[in-house]
């Protein structure tokens, strides 16, 4: 059989792999410990079964185990995707970073179990305070981030203030029976339209505003000022059009 024909025939083979040589036991333990179920109607080792296992592992690797939010990996992918969209279409996208104020004091006073309750409660408030299309992630110990596509600069302070106020109003029940409240500081920055930026630079700009909010007393939001620049269609044509052909010297 010619080599080309043999390769085409090989691609048509869909043999069911044996799960034993694949060493999937550790993966199964992780999935079962997380409470994720694999399909009962798919034979172990079949393609649908393996696909379900892969999907479950992808879900585990992309989620923070404590809060259920996106973790750093999908968050950075979201940043890159939004930067690309803003660079192509010029639409607005806001990045908020926020930090729980004096979180170490919570752990030192009430214990780490109470700290975990605070983290989960804040995560719930963040998800309830934004749109389903927005991405909420836990990117550090007590640090969170929210990516808000199609968010106009005029409404950014309102969004940040709503998040700040709702966190401050939340009464959090602790394992020992007490209730406490915490506050957050927020920083925000917009992705530059029509510019190919990087996730690192965008995050650094938002973090600078977060540090500014903390230096001003915490429990507040600081949004980076947006420089308004209106470019007409004619100006865009001059910016992006090919240069005119050079004329021969007389």
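The values are calculated or read from the model by the stated rules, or taken from the named source; none is laboratory data. Model, not experiment: these values are computed from the prediction. Note that each Cβ is placed from the backbone with ideal geometry, even for glycine, and that neighbours are counted across all protein chains shown.
Does residue 140 fit the bill of being outside any helix (DSSP H, G or I), over 21 Å from residue 226 (Cβ atoms) and assigned by TED's automatic domain parsing to the domain that holds residue 184?
Working: outside any helix (DSSP H, G or I): yes; over 21 Å from residue 226 (Cβ atoms): yes; assigned by TED's automatic domain parsing to the domain that holds residue 184: yes.
Answer is yes for this residue.
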- [ ] Only residues that are on the phi > 0 side of the Ramachandran plot and either assigned to a helix (DSSP H, G or I) or without any contact (Cβ under 8 Å) to a residue 40 or more places away in the chain (or both): list them for the stretch 143-179, please.
- [x] 177
Task: Residues of the stretch 69-94 that turn out to be under 12 Å from residue 136 (Cα atoms), in contact with a strand residue (DSSP E or B) (Cβ under 8 Å, 6 or more places away or on another chain) and outside any strand (DSSP E or B), as a count - done: 7
